[in-house]
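The values are calculated or read from the model by the stated rules, or taken from the named source; none is laboratory data. Quantities reported herein were computed from a predicted structural model and do not represent experimental measurements. Please note: Cβ atoms are built from the backbone with ideal geometry, for glycine as well, and neighbour counts cover all protein chains shown.
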Amino acid sequence: MATSYFLGANSRDGFFSLYGEFCRGQGDFMHIIKGGPGTGKSSFMRKIARAAEEKGMDVEYVLCSGDPDSLDGIYIPSLKTGWVDGTAPHILEPKKFGIDSDYVNLGVFCTTPLVELDSDYVNLIYELYREKYNCAYDCLKSASLLRRRAVPPVFTEEHMKLFRWEIRDILKAKASQPSTSAHVKKRFYHAVCCKGELYLSESVYSLCKQIYALSGEFDGAQSVLRIAAEEAMGCAEEVILSYDPRDTEKLDAVLIPELSLAFVDSGWSADEEAEIFLDAVLPKEKIRQLRPQLREMRRLEDRIMGIACGFLAQAKDLHDELEQVYKAAMDFKAMDEFTEDYIKAHI
């Protein structure tokens with residue numbers, strides 16, 4: 001089985017990384033890939049992953065939050081081995097070189113230093129590229145502030161007790177016995193990127209067949225997801241927490257693969273889902289009073305998010321230009337030969 005997720009996010013606070021937790025489990029070994037843009041890091045990992053899948057191995061694909069068509073990492077559970085792009089903005093180094101990790105330097109296939117004309121061009125592109133990201137992050141911060149202020153705290157402690165009991169009933173029906181040592185994995189299955197807001201629904205639904213969508217306009221979904229995460233710890237060996245890339249303090253999904261069960265917020269959609277309608281517990285008069293302002297604020301937020309994604313798309317175009325400079329300096333024939341021998345030795 002192949003699944004995909006993100007370990008980085010374009011967020012209200014800039015680039016947010018979960019890469020420090022990648023391939024750090026007991027017995028894991030991580031190959032940290034170094035090399036400039038356009039030196040083939042993503043293609044190298046994709047070829048390794050393809051070879052592993054052809055041998056019947058499961059592969060986890062870590063997508064790039066800047067360009068989801070590009071890879072930032074792969075992990076092969078049966079080998080307890082991962083490969084990851086260890087360059088900015090998610091710089092990684094071995095903890096114990098040769099014991100839990102090593103380097104793969106693809107930069108050796110690139111002729112450096114660049115000629116003066118290329119160097120001047122690259123410096124200009126880098127400057128423009130960083131500015132586009134800064135503009136995007138400013139928009140995301142503004143959208144986050146709107147979201148936080150637009151959603152009033154309408155649910156009480158009594159409401160939360162009702163939600164907790166409902167969550168417990170759902171979990172008890174699925175779990176055969178309690179757990180005392182749940183392993184938590186933190187990921188993003190949702191990205192704000194050059195393609196807009198992207199949800200990796202296929203990966204979530206391949207891990208969890210029963211989806212509870214928390215459908216509501218107010219702040220109950222976040223509270224219920226927190227409750228679901230807490231309760232899941234007591235009945236599963238592994239719990240996957242998916243965070244909201246726009247505001248990384250918040251959850252947007254809780255996955256419990258061994259129970260084939262997930263709770264997701266209203267941003268997700270599924271062909272078959274059981275929904276918990278959070279607003280049903282609120283007085284109808286209160287909903288009527290708050291709904292017009294809430295919807296107007298969310299329309300404004302959507303417009304700002306669209307602008308942010310536009311800046312990210314411009315940054316991606318600049319990065320493509322940057323890659324072309326380095327590709328012209330690459331010896332891809334030598335790299336292909338290296339990749340073929342590398343795969344034979346490692347897969």
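Just a few scattered comments:
- Unmet criterion (only one of (1) surrounded by fewer than 22 Cβ atoms within 10 Å (Cβ to Cβ); (2) touching a residue at least 40 places away in the same chain (Cβ under 8 Å); (3) closer than 30 Å to Gln289 by Cα) for Met233: (3)
- Test: residue in segment 53-70 that is acidic (Asp, Glu) and in contact (Cβ under 8 Å) with a residue 60 or more places away in the chain: yes
- Unique residue being over 24 Å from Pro89 (Cα atoms) and over 23 Å from the mean Cα position of the chain (by Cα) when the list is Met330, Met297: Met297
- Test set (1) part of a loop (DSSP other than H, G, I, E, B); (2) modelled with pLDDT of 90 or more - Val192 fails condition number: (1)
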